[in-house]
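Data first, discussion second: the structure below is written as structure tokens.
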Amino acid sequence: MERIYLDHTATTPLDEQVAGAMQPYFSGTFGNASSIHQFGREAKQALERAREVIARAIGAAEGELFFTSGGTEANNLALFGAVSAARSSVPSPHIITSAARSSVPSPHIITSAAEHHAVLEPVEYLGEHGCKVSVVPVLSDGTVAPASVENLLSDATSLVSVMAANNEVGTLSPVAEIGSLCRKHGALFHCDAVQALGKIPVEVDRWKTDLVSFSAHKIYGPKGIGALYIRKGTPIDPVIRGGGQERGRRPGTENVPLAVGFAKAVDLAMAEMGREQVRLASLRNQLENELRSRFSALIVNGDPANRLSHILSVSFDHSVIPLEGELLVHNMDLEGVAVSSGSACTSGSIQPSHVLLAMGRDSETAKATIRFAFGRGNHEGQISQVVAAVERVVARMRAR
Ligand SMILES: Cc1ncc(COP(=O)(O)O)c(C=O)c1O
């Protein structure tokens, strides 16, 4: 049985060309990029070349890109860093004393109900530590409507955080419109573009973003590196301290091999983007049509006209086919097909996805969701095997 990987939104395999580009920087050109001798200078040059490649791909200046350990850290730096700078008298959100808190205005943050946990949890923490938080609901297709953001925006809003592309259902956000609204009200605009990079053009100026988060391992780059775009002049404090690296914004010895790999992955993704997205959309559409023709209870999640090409999220309507949703992914795995579900294990219990609930799915239907995420290794010949696997799994689970 061929094992089929359809979980490219969770992570992607490291591209061999990326591995090759990184290799010399582990032991040959191993210097500390902050050292002033030749070993250090060579490492620094590679780091800066990598920064330039990624910055160019998103329409930024190299001085506006800061390496982090991944998308989660980039989101944390954007949110905690911007809020800390807004409370200019408070050095770090982690050490806010109640006396300090009462002496500074409480920043207002807006985010959407469909964000990744790497945004929602920092925002929740900030809400528990003196910030006013507003959560924008999403439409039934997962879209964040600009009008809903506008209703919550005021001149007291410090920061708005809305993702570019949703990781569960693929829906794209109208980021440029939201960016314009933020500008109008003088609020900073942070965008989590972890799932957008390499899939759709990321244009930090057209989007009117001040802060944008990225991660390498979603685009066949290494795990453990990401970046935060910080528009020149954006007030932001570091959230960790202990060195001047990344111009003081993100202290810690720079990870040169991973930065080089990230840049190579961006280069490859940009070169193939147009062609590959058309190919993946065709695979996605074939699977969607095959499943629709077999299951009348199938609900396709996301905005059909405005979603990432490689994601297909489907739910089985619980009122038509009652399934034990939690077991779908395990059963698909037994069939050799790796997918994701519409639920997550939180504190030992299975919870339906907050994104699907925000889109109005009932909790049982949300749990009975499969997310297929296509990537470079997938081809047309696999579709029939995947469809057959879904048919067997659903038949087995209905019979229980
Ligand atoms: C939308 C989004 N933001 C942030 C992250 C976190 O990125 P990382 O795994 O690099 O920490 C992910 C990962 O799944 C994601 O999908």
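Here, each number is a calculation from the coordinates, and none is a lab measurement. For clarity, every value in this text was computed on a predicted model and none was experimentally measured. Positions of Cβ are backbone-derived with ideal geometry, glycine not excepted, and every protein chain shown enters the neighbour counts.
Given Cα pairs under 8 Å that are at least 6 residues apart, what percent is the relative contact order of region 114-220?
22
On full extension of the chain, what length is gained from ILE36 through TYR125, given 0.36 nm per residue of separation minus the C-alpha to C-alpha distance?
This chain segment gains 28.1 nm when fully extended.
Given the chain, what percent of its DSSP beta bridges are antiparallel, to the nearest 5?
Roughly 60 percent of the beta bridges in the chain run antiparallel, per DSSP.
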Amide hydrogen neighbours beyond the local backbone of THR68, cut-off 5 Å, H modeled
GLY226, ALA227, LEU228
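Report relative contact order for region 185-308 in percent, whole number only (criteria: Cα-Cα under 8 Å, sequence separation at least 6).
RCO, region 185-308: 20 percent.
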Here the alpha-carbon Rg of region 141-260 over 2.2 N^0.38 Å rounds to 1.14
Neighbour-count order for TYR229, TYR125, fewest beta carbons within 10 angstrom listed first:
TYR125, TYR229
Treat region 16-268 as a sphere of radius equal to its Kirkwood radius over Cα pairs and apply Stokes-Einstein at 10 °C in a medium of 1.306 mPa s; give the translational diffusion coefficient in µm²/s, rounded to a whole number.
86
Under a no-solvent Debye model with one identical scatterer per Cα of region 350-389, what's log10 I(q)/I(0) at q = 0.19, 0.28 Å⁻¹?
-0.68, -0.86
Mind pulling the angle between the C-alpha long axis of helix 71-86 and the longest principal axis of the chain? Nearest 10 degrees, somewhere in 0 to 90.
40
How do 366-375, 211-220 rank on mean C-beta neighbours within 10 Å, highest first?
211-220, 366-375
Name the residue, out of ALA344, ALA43, ALA145, whose mean-square fluctuation peaks in a Gaussian network model built on the chain with Cα pairs under 10 Å.
ALA344
What is region 1-61 by shape, rounded, prolate or oblate, if you read a ≥ b ≥ c off the alpha carbon gyration tensor as root eigenvalues and call it rounded for a/c under 1.5, prolate for a/b larger than b/c, and oblate otherwise?
oblate
Give the order of CYS182, CYS191 when sorted by the count of other beta carbons within 10 angstrom, beginning with the fewest.
CYS182, CYS191
Summing Lys, Arg as +1 and Asp, Glu as -1, what charge do residues with Cβ under 15 Å from the Cβ of VAL355 carry, VAL355 excluded?
-3
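Can you put ASP333, ASP192 in order of Cβ neighbours within 10 angstrom, beginning with the fewest?
Final ranking by Cβ density, sparse to dense: ASP333, ASP192.
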So for region 16-268, averaging the separation of alpha carbon pairs under 8 Å that are six or more residues apart and normalising by length, what relative contact order in percent results?
27
Listed residues ALA113, ALA388, ALA46, most fluctuating in the chain (Gaussian network, C-alpha, under 10 Å)
ALA388
Near MET163, within a Cβ-to-Cβ distance under 12 Å, what is the net charge of the other residues, with Lys and Arg +1 and Asp and Glu -1?
-3
Quick one: net charge of GLY302's neighbours, Cβ under 9 Å, K/R +1, D/E -1?
-2
